[in-house]
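The next block holds one structure in the form of structure tokens; read it before the comments.
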Protein chains: 2
Amino acid sequence: MNTYRAAIRIQLRKQILDVQGKTVEQALHSLNFTGMTDVHIGKYVELNVSAASKDAALESVKEACAKLIANPIMEDVHIDLSEA
Amino acid sequence: MNTYRAAIRIQLRKQILDVQGKTVEQALHSLNFTGMTDVHIGKYVELNVSAASKDAALESVKEACAKLIANPIMEDVHIDLSEA
């Protein structure tokens, strides 16, 4: 078994209004960061995963995201795996 | 002025107990993802920033993180900039 470090970026799907992002964008503008636009806020998860191969590790992380970590209806998930 | 896309990963400092991460780790184990450990949950922010140069954009994003987006006492920030 090898151990991999998974870095998981989770963002709301583009079609869904990102209220938190809009709010932060307005706050940035009122702090004079006027050049900042299109703010999107998501989640970032890191975890170690033990698996026989990198492919098996990726499958396992995808399944964990679908079942628990992310909401597959509302969120997009991007997984990067590296050797731990 | 050029526009850059900033990808900001925010995580609790290693010394600080990540309660949310621990909870997700326990939930993963009870769903039989027993090979997953050392779970850390953070935030992921993307935004566009207009600036004269990449260095100026990075400085601006760092300042925005320190003032609003992250908590510099409790959180570590990692910023990646790319051409938008």
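Values in this text are rule-based calculations from the coordinates and carry no lab data. It should be emphasised that the depicted structure is a prediction, and the values quoted were computed from it without experimental measurement. Glycine gets a Cβ as well: all are built from the backbone with ideal geometry, and neighbour counts include every protein chain shown.
Each other copy holds its own label point for residue A:30; taking that point as 7 Å from Cα along Cα to Cβ, the gaps run 4.0 nm, nearest first. Taking only the alpha-carbon positions of the protein assembly as shown and ignoring solvent, what does the Debye formula give for the base-10 log of I(q)/I(0) at q = 0.12, 0.13, 0.14, 0.18 Å⁻¹? With no solvent term, the Cα-only Debye profile gives -0.59, -0.68, -0.77, -1.13. Over 27 Å between Cα atoms: which of A:22/B:62; A:62/B:14; A:62/B:67; A:22/B:54; B:14/B:62 fall into that group? Those over the limit are A:62/B:67. At q = 0.10, 0.21, 0.25 Å⁻¹, what base-10 log of I(q)/I(0) does the Debye formula yield for the stretch B:2-83 when every alpha carbon is treated as an equal point scatterer in vacuo? Relative scattering, expressed as log10 I(q)/I(0), comes to -0.34, -0.89, -1.09. Inter-copy label distances at residue A:2, shortest first and taken from points set 7 Å along Cα to Cβ: 3.6 nm. If only the Cβ of Lys and Arg carry +1 and only the Cβ of Asp and Glu carry -1, the dipole of the protein assembly as shown around its Cα centre is close to 240 debye.
Listed from fewest to most Cβ neighbours within 10 Å, the set B:49, A:24 follows the order A:24, B:49.
With label points defined 7 Å past Cα in the direction of Cβ, position residue A:52 shows copy-to-copy spacings of 5.9 nm, given to one decimal and shortest first. Cβ crowding within 10 Å, taken as a proxy for footprinting-reagent exposure, orders B:81, A:31 from fewest neighbours to most as A:31, B:81. By other beta-carbon atoms within 10 Å, ranking A:63, A:46 with the fewest at the front produces A:63, A:46.
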